[in-house]
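Inspection log for the structure reproduced underneath, given as structure tokens.
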Amino acid sequence: MTRGGQGLARVAVVVRAGAAPLWWLGVAAAGIGVLVPGLTGRRIGVLAGAALFVVTAAAAAYAGRGRYRALAGQAARAGKHDVLQDRAVTVRNWRRAHRWWLLLAFLAGLGASFAAPAAGGLVLAGGGVGLWLKALWIGRLEQDGEVLLWVRVDWLRAGAGRPAGKRVKAYRATGVAAGDAAPGGSRRRVAAAA
């Protein structure tokens, strides 16, 4: 570790960053796509899309859990010189790095409607729900260990990326009061003054 420490991003925040854009783009693509008759017809397209929604959500939620669990189990305490990245910065970095992929996914979801109305959009929305569920699961890991899990920013691909990817060698851990995000990556609620 360098003398100045490392920049650290919350693992759950990185995972959760893609959930909202995928959900809303998917809902929009499905809503527009249902207006197109498509090759299969609306009823079959929507039913197929609903099945794909469930499959995609489950796949996104469960993918890589063993790797996350292993990294969490070996997490070392963050150093006093490490810099904890704000939640908003982590989310912004992820969305900037993936904006073109999100646009292409939205266009693909719309295009798929000419074959099966709404199905492509529901796949995108399912991916968003799956990422949200995975972030909640990471939050439970954090609560069980009474720590918050962080990953070095320089190990995240393109400044955002994959918090359990091959480049990630280990996580860092802090107490549950560190940073501005709660376990699971949601905004930390500040108690109102009495």
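Of the set (1) open to solvent by less than 80 Å² (accessible area, probe 1.4 Å); (2) part of a helix (DSSP H, G or I), all apply to ILE32 but (1). Of all residues in the range 83-98, none are farther than 22 Å from ARG187 by Cβ and among the basic types (Lys, Arg). Taking the condition of being more than 17 Å from GLY31 (Cα to Cα), open to solvent by less than 60 Å² (accessible area, probe 1.4 Å) and without any contact (Cβ under 8 Å) to a residue 40 or more places away in the chain, how many residues in the range 95-121 meet it? Total satisfying the criteria: 0. Scanning the range 44-62 for residues that are surrounded by 14 or more Cβ atoms within 10 Å (Cβ to Cβ), closer than 18 Å to ARG162 by Cβ and out of contact with any Phe, Trp or Tyr (no Cβ under 8 Å at 6 or more places or on another chain) returns THR56, ALA60. Residues considered: GLY184, GLY165, GLY179. Of these, the only one that is closer than 20 Å to ALA75 by Cα and surrounded by fewer than 20 Cβ atoms within 10 Å (Cβ to Cβ) is GLY165.
The values are calculated or read from the model by the stated rules, or taken from the named source; none is laboratory data. Fair warning: this is a prediction, and the values are worked out from it, not measured in the lab. No Cβ is skipped: glycine too gets one built from the backbone with ideal geometry, and neighbour counts run over all protein chains shown. For the accessible areas, the whole protein counts, side chains as well, though only heavy atoms, and no ligand, DNA or RNA atoms are used. Shrake-Rupley method; radii C 1.70, N 1.55, O 1.52, S 1.80 Å.
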